[in-house]
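In what follows, a structure is listed as structure tokens, so that the remarks can point back to it.
The values are calculated or read from the model by the stated rules, or taken from the named source; none is laboratory data. All of these numbers come straight from a predicted model, not from anything done at the bench. Counting neighbours? That spans all protein chains shown, and the Cβs are built from the backbone with ideal geometry, glycine included. Calculation scope for accessible area: heavy atoms of the full protein, side chains included, ligands and nucleic acids excluded. Shrake-Rupley method; radii C 1.70, N 1.55, O 1.52, S 1.80 Å.
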Amino acid sequence: MAKSNINRVRLITQALFAALTNGYAKGAATGEIFEGKSKYFCTPGMNCYSCPAALFSCPIGSLQATLNAREYRVSLYVAGILFLFGTLLGRFVCGFLCPFGLVQDVLFKFPFVKKIRSLPAEKALRFLRFVFLGVFVILLPMFVVDITGLGEPWFCKFICPVGTLEGGVPLVLLNSAMRGAAGFLFKWKLCILLITLFSSLVIYRPFCRYVCPLGALYGLCNKISFYRFTIDSETCIQCTVCQKACKLDIPVWQRPNSVDCIRCGECRAACPTKSIKLC
């Protein structure tokens with residue numbers, strides 16, 4: 001499939017999935033959060049529970065909610081959902097099914113003075129998402145608790161720009177009570193969101209690269225997932241065209257199942273010898 005075609009298919013898939021998982025029209029119009037039974041199920045990608053239009057829960061939010069509960073420390077259901085999506089698709093979820101990935105993709109298409117392929121200390125910065133996963137999603141909610149034994153959803157409450165864009169901003173705009181309650185924390189997270197959105201104009205998917213704990217989890221599954229890449233060593237000429245086509249600057253010919261790969265498919269479309277195969 002040509003590069004232009006794979007991009008078109010991916011954008012359409014992202015848009016349709018975003019509409020499917022955020023189809024509560026009444027909430028989008030009034031700021032009323034949907035609380036139906038579908039909220040018991042997690043969507044594969046980052047999609048805030050508090051988004052007025054959201055019909056499903058966010059897996060990272062659900063994981064934190066179970067880790068900081070008094071009744072139990074681990075929910076086999078949430079862990080099972082993450083394992084299922086990870087082993088079936090890996091970071092294909094990030095490339096095709098995540099609404100916030102779509103936002104970043106669209107912003108990167110806007111012209112800017114200069115696009116940056118990678119930042120200084122890029123390797124160390126990409127490791128940060130594993131820090132966010134381990135510290136803010138798992139350890140802090142489990143072990144930093146109040147006198148009642150409850151912890152905070154640290155990542156969702158203090159960092160996540162997805163929740164601010166999909167939940168915080170719409171609720172403040174549509175709900176007068178929320179406007180009155182918005183204080184320093186909302187302003188702090190709004191700053192994080194604005195930095196993320198502006199960065200998306202300059203560098204491809206900064207949130208996915210450096211912050212997203214869900215992407216970190218799925219990335220660990222890339223090598224074992226059913227949807228993975230292999231390199232045909234007999235036809236690959238190591239021309240590095242795949243790496244040049246990759247907006248995340250991954251040497252696909254060396255590491256076809258890198259933890260950074262979001263499975264966008266542009267490397268496969270660009271390969272002159274068609275050596276990148278789906279497993």
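Residue 194 contributes about 100 Å² of solvent-accessible surface, heavy atoms of the protein only, 1.4 Å probe. Mind checking which of 219, 230, 241 is farthest towards the positive end of the stretch 178-256's charge dipole, using Cβ charges of +1 (Lys, Arg) and -1 (Asp, Glu) about the Cα centre? Final value for the positive-end residue is 219.
Accessible-area rank, largest first, for 49, 204: 49, 204, with all protein chains present and a 1.4 angstrom probe.
The listed residues 266, 234, 122 rank as 234, 122, 266 when sorted by accessible area, largest first, using a 1.4 Å probe.
Based on DSSP H segments of at least four residues, each scored -39500 (n - 2.57), the chain has a per-residue ellipticity at 222 nm of -13000 deg cm²/dmol.
For the stretch 134-271, a crude dipole built from +1 on the beta carbon of Lys and Arg and -1 on the beta carbon of Asp and Glu, taken about the Cα centre, is about 200 debye to the nearest 20.
Taking the Cα centre of the chain as origin and assigning +1 to Lys and Arg Cβ atoms and -1 to Asp and Glu Cβ atoms, the resulting dipole is close to 720 debye. In plain terms, the bigger the Kirkwood radius, the slower the diffusion; for the stretch 1-119, with that radius from Cα pairs, at 20 °C and 1.002 mPa s, Stokes-Einstein puts D at 134 µm²/s.
Over the stretch 1-133, give the accessible area per residue in Å² for a 1.4 Å probe, as an integer.
Result: 51 Å² per residue.
The shape of the stretch 221-261 comes out oblate: with a ≥ b ≥ c from the C-alpha gyration tensor, a/c is at least 1.5 while a/b does not beat b/c. Under a 5 Å amide H cut-off, with hydrogens placed 1.01 Å from N, residue 42 pairs with 57 among residues at least 5 apart or on other chains.
Ligands, DNA and RNA excluded, the heavy atoms of residue 217 present near 50 Å² of accessible surface to a 1.4 Å solvent probe.
Using alpha-carbon positions, what is the distance between the centroids of the stretch 172-207 and the stretch 233-247, in Å? The stretch 172-207 and the stretch 233-247 have Cα centres spaced 38 Å from each other. Each label point was placed 7 Å from the Cα along the Cα-to-Cβ direction; for residue 20 and residue 278 their separation is 1.5 nm. Legend: residues 123, 39, sorted from most to least accessible area (1.4 Å probe; ligands, DNA and RNA excluded), read 123, 39.
Each of 181, 138, 113 was scored by the projection of its Cα onto the charge dipole of the stretch 97-253, and the greatest displacement toward the positive side belongs to 113; charges sit on the C-beta of Lys, Arg, Asp and Glu.
Model label sites at residue 113 and residue 240, defined 7 Å from Cα along the beta-carbon direction, differ in position by 2.9 nm.
Atom-type composition of the exposed protein surface of the chain places 71 percent of the accessible area on carbon and sulfur (1.4 angstrom probe).
Taking amide H as placed 1.01 Å from N in the peptide plane, the amide H of residue 203 sits under 5 Å from that of 116, each at least 5 places away or on another chain. Pairs 109/247; 115/277; 109/157; 39/223; 123/189: which are spaced more than 19 Å apart, C-alpha to C-alpha? 115/277; 109/157; 39/223; 123/189, as the Cα separations exceed 19 Å there. Calculate the FRET efficiency for residue 40 and residue 139 from the Cβ-Cβ distance with a Förster distance of 25 Å, rounded to the nearest 0.05. FRET efficiency, residue 40 to residue 139: 0.45. Taking one quarter of the surface of the C-alpha convex hull of the stretch 1-52 gives a mean projected area of 4.4 nm².
Would you list the membrane-span-like helices of the chain, meaning whole DSSP H runs whose alpha-carbon atoms span at least 20 Å along their axis and whose mean Kyte-Doolittle value is at least 1.6?
Going by DSSP H runs, the hits are 184-202.
Normalising by residue count, the stretch 93-172 has a Cα convex hull of 155 Å³ per residue. Is the shape of the chain rounded, prolate or oblate, going by the alpha carbon gyration tensor and its root eigenvalues a ≥ b ≥ c, with a/c under 1.5 for rounded and a/b larger than b/c for prolate? Prolate shape, in that a/c is at least 1.5 and a/b is the bigger ratio.
Under conditions of 20 °C and 1.002 mPa s, the stretch 137-275 yields 119 µm² s⁻¹ as its translational diffusion coefficient, taking Rh as the Kirkwood radius over Cα pairs in the Stokes-Einstein equation.
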